[in-house]
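The values are calculated or read from the model by the stated rules, or taken from the named source; none is laboratory data. Just so you know, these numbers come straight off a predicted model, no measurement behind them. Backbone-built Cβ (ideal geometry, glycine too); neighbour counts: all protein chains shown.
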Amino acid sequence: MKDAVDSLPADRSVDAEAFANRKLIRPSLNRSDHNHAQAPMNDHRERPDRPERGDRHDRPAGGGGRKPAPPEQTNAENFYYQKQMQSKTPMVIVLRDGEEIHGMIEWYDKSCLKIARNGQTNLLIYKPAIKYMFKEGENSRK
């Protein structure tokens, strides 16, 4: 039994020396397979975007793969309307003919905005008739 206990430190010192020598050149394949067997599998699962990055860098020089088309709708407009509706922000809507309409966005759809105005009738405005819009307090900065 004593021999078995003494043989362990001897093996460890030999492995440490051999490992130090191998480290200068290249780690042993057996050790990397045992110690890092799960890492390549995890990297592989997390890398679906990496080939696209490579394609982006290769594209100008080599004319690699095509960049995918951007999404048809980003929903940024809808998000903006939702935010203004929920906070009941007073808005100024400038129409293409220069007329300014003051009110709050009550609802919207694909082609229209419903503007609620204080003391006046509500308006339904077609989006193509709108030149631009801004929050009511922003015009004092200009």
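Within the range 61-107, being closer than 16 Å to LYS127 by Cβ, in a helix (DSSP H, G or I) and of a type in the set (A, V, I, L, M, F, W, C) holds for ALA76, PHE79, MET85. Does at least one position in the range 77-92 carry a residue that is over 30 Å from LYS114 (Cα atoms), at pLDDT below 95 and not polar (S, T, N, Q)? Scanning the range 77-92 turns up no residue that is over 30 Å from LYS114 (Cα atoms), at pLDDT below 95 and not polar (S, T, N, Q).
The residue that is surrounded by the fewest Cβ atoms within 10 Å (Cβ to Cβ), counting only those in the range 85-105 that are more than 31 Å from the chain's Cα centre (by Cα) and charged (D, E, K, R), is ASP97. If you scan the range 106-128, which residues turn out to be surrounded by fewer than 14 Cβ atoms within 10 Å (Cβ to Cβ) and aliphatic (A, V, I, L, M)? Passing the criteria: only LEU124.
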